[in-house]
Every structure is written in structure tokens, then in C-alpha cells.
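Before any comments, here is the structure.
The values are calculated or read from the model by the stated rules, or taken from the named source; none is laboratory data. Predicted, not measured: the structure shown is a model, and the values here were computed from it. Cβ coordinates were reconstructed from backbone atoms using ideal geometry, including for glycine residues, and neighbour counts include every protein chain displayed. Quick note on the areas: whole protein, heavy atoms, side chains included, nothing else; ligands and nucleic acids left out. Shrake-Rupley method; radii C 1.70, N 1.55, O 1.52, S 1.80 Å.
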Amino acid sequence: MVNWFPLESNPEVLTTYSKALGLKSSYVFSDLVALEDWAFGMLPGKCEAVVFLYSLSQPQREYHDNFIPTEGRDSTSSLFRVQQNVGNACGTIGVLHSVGSVRSKYSDCLEEGSWFETFFNKCEGKTGAENGATLESDEEIETKHTSAANSAANSSAQVASADSNVNEHFVAFVEHNGGVYEMDGRRGGGEGLFHGKGELSEVVGRVCQEYMGRDPNSNKFSLVALCKCD
């Protein structure tokens, strides 16, 4: 498997990276400092997705191996998903799942002719595995990911190489047809884990508290929200 340099959970890095790929300036990533309502209220705009970083510890692996979906899942045929075929690319996968969700609601969120617009158009009607293959063969996104990973704001690049054994993983929480899904490129075809109906903030708060409860000694948890600011 090809490896990229890892991204860190840094809103400045993710915002700059997303802008370079064609996300309009009215959308920004921002630190989510807590899981209570007041923290969501402090965000610079409406929370449209949450990128969550956690350590792939044994309790978390066991949880995913034995995950039992919540009942009430609707059809997800129109939910954008992408499989991760490249090592250390989970930060980019999290950005793609977040922006893909925003694009499904706001058709004007991307710059015309941008990499994002071109990529998502290629992915229309495709499976997560097909989208993963498209991403893997795209040299431009590898270049832009590398640029983001090597930026001064991305301190991970100062301590990790592309071949480093990185044990942290990004997922993205998105809303689709009133339900909240945890989009994970490592799971079959990038398929989303359905966590039930409800407000994004409510479900993210519950699920991420469960993550933290399974691994109470970890200090690797981090949340960044994608916000619509107009």
C-alpha cells in the first residue's frame, strides 16, 4: 500500500487544504472544544460535519469488529462514501466525506472547475470502492495532500514520515436524511456506521463520549467541525 504523510487534526490545516481543493470561503473548519451544546454554539457557523480523530487502540478495534447498527437506517444510495486505499490518507478521506455531505445540501459550496467539483462529478452514482480507486489514481490530490501535510501548521510532518506507523485515525460524522452516520474509509467501501436519528450535535456528543469511555487513558481524541458561516 502506498503511504502519504499524515495530517493532524488542525482546523487551519484542514481549512487551507479544503480551500486549495475548491471549497468556498464561507465554509471553514473550527476546533470543537467540547461535546456539550455550548461548544457547538461557539462555532463560527452552522455545524455541517464533524471530523473526529481517535487512537486505534484494542478497545476501539473490538468495538468496530462487533458493531451492531442502530435500527431505522434509511437508504444511503445517495450518501457519498469513499474507501481508503492509501496509508495515512484518513485525514483526506475525512475531509472528502465532510465536504461530500455539504455538497449534497448546498450545490454552490464548491468553486467552479475546482478539484473538488471535478472529483465529485466523477463519483456520481459510484460505489465507495470505485471512488477509492479514483482517488488512489489521482496525482493532483496526492500533491495537494503532501503540501498540506508539509505545511508549517501541520506539526505531524515534523515528527512522522510517510512510512511511520501512525496509530490514530480520522472518521467523519455527517447527517443524511435525518440520520447521523460515522463515515470510515477503512470499513467496506467507506460505508457509514448508522448511529440513529437526531441532531448532528446530539448524536456526535453521545457517540464520541462512548469512544472516550472505551479508552479513558488516551489523550489522542480531537474534534474539528466543518461550519457553514453565511
**In Hz, Karplus ³J(HN,Hα) per residue of region 28-45 (6.51, -1.76, 1.60; θ = phi - 60°; x = Gly, Pro)** = 9, 8, 9, 4, 9, 7, 7, 9, 7, 4, 4, 6, 5, x, 7, 5, x, x
**Prompt:** Per residue of the chain, what 222 nm ellipticity follows from adding -39500 (n - 2.57) for every DSSP H run with n ≥ 4, rounded to the nearest 500?
**Reply:** -11000 deg cm²/dmol
**Prompt:** What distance in nm separates the simple spin-label points at GLU130 and ARG186, each placed 7 Å from Cα in the Cβ direction?
**Reply:** 2.7 nm
**Complete:** With label points set 7 Å from each Cα along the Cα-to-Cβ direction at LYS105 and TRP38, the distance between them in nm comes to 2.5 nm
**Asked** Spin-label point model (7 Å from Cα, Cβ direction): what's the SER114 to LYS197 distance in nm?
**Response** 3.3 nm
**Request:** Label region 18-65 by shape, choosing from rounded, prolate and oblate, from the square roots a ≥ b ≥ c of the eigenvalues of the Cα gyration tensor; if a/c is under 1.5 it is rounded, and otherwise prolate applies when a/b is larger than b/c, oblate when it is not.
**Result:** oblate
**Asked** Using the heavy atoms of the protein chains alone and a 1.4 angstrom probe, what is the accessible area of the chain per residue in square angstrom?
**Response** 45 Å²
**Asked** In the chain, what percent of the accessible surface is made up of carbon and sulfur (1.4 Å probe, ligands and nucleic acids excluded)?
**Response** 46 percent
**Message:** Among 33-45, 218-230, 182-194, how do they line up by average Cβ neighbours within 10 Å per residue, starting with the highest?
**Reply:** 182-194, 218-230, 33-45
**Request:** Pull out the extension gain between GLU210 and THR76, defined as 0.36 nm times the separation in residues minus the alpha carbon to alpha carbon distance; nm, one decimal.
**Result:** 45.8 nm
**Message:** Please compute the contact order of region 165-230 in relative form: average sequence separation of alpha-carbon pairs under 8 Å and at least six residues apart, divided by the residue count, as a percent.
**Reply:** 21 percent
**Fill in**
In the list (1) 16.2, 45; (2) 16.6, 54; (3) 17.8, 56, the entry giving Rg and Dmax of the Cα atoms in Å computed from the coordinates is (1)
